[in-house]
1. Return a yes/no flag: does segment 171-185 have any residue that is open to solvent by 50 Å² or more (accessible area, probe 1.4 Å) and either within 27 Å of HIS7 (Cα to Cα) or hydroxyl-bearing (Ser, Thr, Tyr) (or both).
2. Filtering segment 43-70 down to residues that are assigned to a helix (DSSP H, G or I) and in contact with a strand residue (DSSP E or B) (Cβ under 7 Å, 6 or more places away or on another chain), which residue is surrounded by the most Cβ atoms within 10 Å (Cβ to Cβ)?
3. Determine which member of the set ARG52, ARG71 is in contact (Cβ under 8 Å) with a residue 24 or more places away in the chain, under 29 Å from VAL118 (Cβ atoms) and not polar (S, T, N, Q).
4. Quick test of your reading of the structure: ALA161 fulfils all but one of (1) surrounded by 15 or more Cβ atoms within 10 Å (Cβ to Cβ); (2) not in a helix (DSSP H, G or I). Name the failing condition by number.
5. Looking at PHE205, is it among the hydrophobic types (A, V, I, L, M, F, W, C) and either open to solvent by 20 Å² or more (accessible area, probe 1.4 Å) or modelled with pLDDT under 95 (or both)?
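The values are calculated or read from the model by the stated rules, or taken from the named source; none is laboratory data. Owing to the predicted nature of the structure, the values given are computational and were not obtained by experimental measurement. All Cβ positions, glycine included, derive from the backbone under ideal geometry; neighbour counts span all protein chains shown. In case anyone asks, the SASA skips ligands and DNA or RNA and just uses the protein heavy atoms, side chains included. Shrake-Rupley method; radii C 1.70, N 1.55, O 1.52, S 1.80 Å.
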Amino acid sequence: MPEIILHQYVTSPFSEKIRKVFAHKKISWRSVEQPVIMPKPKLVPLTGGYRRIPVLQIGADVWSDTAIIIRKIDELYPEPTIYPNGLIAAAETMNQWADRRMFWSTTPVIFEKLAAVVPKEFMEDRAKMMQGANLGEIARSAPDARNQLLAFLDTLDRQLANRAYLLGDSFSLADAACFHPVWFLRAEPNAFGLAQRLPNLMRWFERIEAMGVGDARPMDPDEALAIARESTPATRENIDDGDPNNPKAGMKVSVTPDDYAFDPVTGRVVVSTIHEIAIEREDPDLGKIVNHFPKIGFRIAAA
């Protein structure tokens, strides 16, 4: 099997979610450290413009967004499961809740203190991702965010009162998804202190933390680009005939996140199934690349 390459940076909370899945499944993987802010000249040729982290690469196929990354990892390594006792809907629902609700309650709480000391370039980069949001005024939203965060953390703590993991006795996608916002709180001691008040939550946190990140070895970004250049996409055409939107193989579309970092990726449809859209592009340096996205959380439009 070709090497599994994760483009990430060490402090990325969403990368930490993937790293915990790697650890659970005991996967060997290569780690490509990418910049925290734009420009990302050794990532964008692979993604076609998508700038968020993490990104999974296998040869000349590239998966963007943790939802589709996890789906691919689970396809390649179905055991041990991340859906114990068949709790697929429960795990997936908690995954989306953690990413789209809980995580966004952490950022004002963390940056209430850090905004004054983090580099100006970081704040400007994130403001561009959020369509011009004034992150310099983030402290104004911190009280309400803190209220929500405390309620979210308490919900997890009560769930963990009589179980080792969120969905029972086994690790699941829910644990990876809910771990990463709590892990992110450690960036600011006062923020993490909100979680440290909760004993059940902290026992669980320490258990997940102890899992590590799997068997990771570093890879230079140029080596990852060379692998893409020397590879041929392994994706085969797969169009769901029952799709009510009636996509056609080869039609040109743009795929764009629907929440932030609205950088469209344009290509020709190769795969359109219930959960996935994949498009083929021609990069001037790398040749043919197939970019994979989840349908949940993305907009697809004719281009």
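1. There is no residue in segment 171-185 that is open to solvent by 50 Å² or more (accessible area, probe 1.4 Å) and either within 27 Å of HIS7 (Cα to Cα) or hydroxyl-bearing (Ser, Thr, Tyr) (or both).
2. LEU46
3. ARG52
4. If we test ALA161 against (1) surrounded by 15 or more Cβ atoms within 10 Å (Cβ to Cβ); (2) not in a helix (DSSP H, G or I), just (1) comes out false.
5. no
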